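First the structure, in the form of structure tokens, and then the observations on it.
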Amino acid sequence: VQLQAFGGGLVQAGGSLRLSCAASGRTFSNNAIGWFRQAPGKEREFVAVISWRGGSTYYADSVKGRFTISRDNAKNMVYLQMDGLEPEDTAVYYCAAARGSHAAAARSSYQYWGQGTEVTVSS
């Protein structure tokens, strides 16, 4: 069972990036998938989550209106479109599969974690 996040990079403030999360080893079509991030010296924090069918999405207040989470269960992929990036968005971003199918923000709700992808936003 493996989750792999990719698509990070260096971008100027105001720019956009699209992160992808690929699942392998099993299907996660019945699990909610979330994105978290961890900036240097800070705790890992919730960013966004999407329910197993994609009908429910939730965002941290800090990214609401700028980030969009989506999924393609046929491809076992989840995406995070990040627009209007700010230097404060600089962090390593992780995708994770929840134990259940409903969207959740608490880290304890997540069972599988992928390797992160680094996002750096320059001012």
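Suppose we keep only residues that are within 17 Å of the chain's Cα centre (by Cα) and assigned to a strand (DSSP E or B) within region 11-31. Which one would you say is farthest from T68 (Cα to Cα)?
Per the criteria, the residue is S24.
Does region 94-111 contain at least one residue that is among the hydrophobic types (A, V, I, L, M, F, W, C), open to solvent by 10 Å² or more (accessible area, probe 1.4 Å) and within 16 Å of F6 (Cα to Cα)?
Checked region 94-111: no residue is among the hydrophobic types (A, V, I, L, M, F, W, C), open to solvent by 10 Å² or more (accessible area, probe 1.4 Å) and within 16 Å of F6 (Cα to Cα).
Counting just the residues of region 43-59 that are surrounded by 15 or more Cβ atoms within 10 Å (Cβ to Cβ) and part of a loop (DSSP other than H, G, I, E, B), which one comes out modelled with the highest pLDDT?
My answer is R44.
Is it the case that A105 is touching a residue at least 24 places away in the same chain (Cβ under 8 Å), in a strand (DSSP E or B) and under 23 Å from P40 (Cα atoms)?
So A105 fails the test.
With respect to T120, determine if the residue is open to solvent by 30 Å² or more (accessible area, probe 1.4 Å) and touching a strand residue (DSSP E or B) at 6+ places or on another chain (Cβ under 6 Å).
Judged against the criteria, T120 is a match.
Could you say whether any residue in region 27-39 is without any contact (Cβ under 8 Å) to a residue 60 or more places away in the chain and touching a Ser or Thr at 6+ places or on another chain (Cβ under 8 Å)?
The initial filter retains those residues of region 27-39 that are without any contact (Cβ under 8 Å) to a residue 60 or more places away in the chain, namely 27, 29, 39.
Restricting the remaining residues to those that are touching a Ser or Thr at 6+ places or on another chain (Cβ under 8 Å) gives 39.
Yes, that holds for at least one residue.
Which of the residues belonging to region 74-93 are closer than 19 Å to N31 by Cα, without any contact (Cβ under 8 Å) to a residue 60 or more places away in the chain and open to solvent by less than 40 Å² (accessible area, probe 1.4 Å)?
N76, M77, V78
Would you call A39 touching an Asp or Glu at 6+ places or on another chain (Cβ under 9 Å) and of a type in the set (A, V, I, L, M, F, W, C)?
Judged against the criteria, A39 is a match.
Which pairs turn up if I take residues in region 40-63 that are under 14 Å from C95 (Cβ atoms) and aromatic (F, W, Y) and look for partners that are open to solvent by 50 Å² or more (accessible area, probe 1.4 Å) and not in a loop (DSSP other than H, G, I, E, B) with beta carbon separation below 8 Å, at least 6 apart in sequence or on another chain?
F46/R107
The values are calculated or read from the model by the stated rules, or taken from the named source; none is laboratory data. Because the structure is predicted, anything quoted here is derived from the model rather than measured. Every residue, glycine as well, gets a Cβ built from its backbone with ideal geometry; the counts of neighbours run over all protein chains shown. Quick note on the areas: whole protein, heavy atoms, side chains included, nothing else; ligands and nucleic acids left out. Shrake-Rupley method; radii C 1.70, N 1.55, O 1.52, S 1.80 Å.
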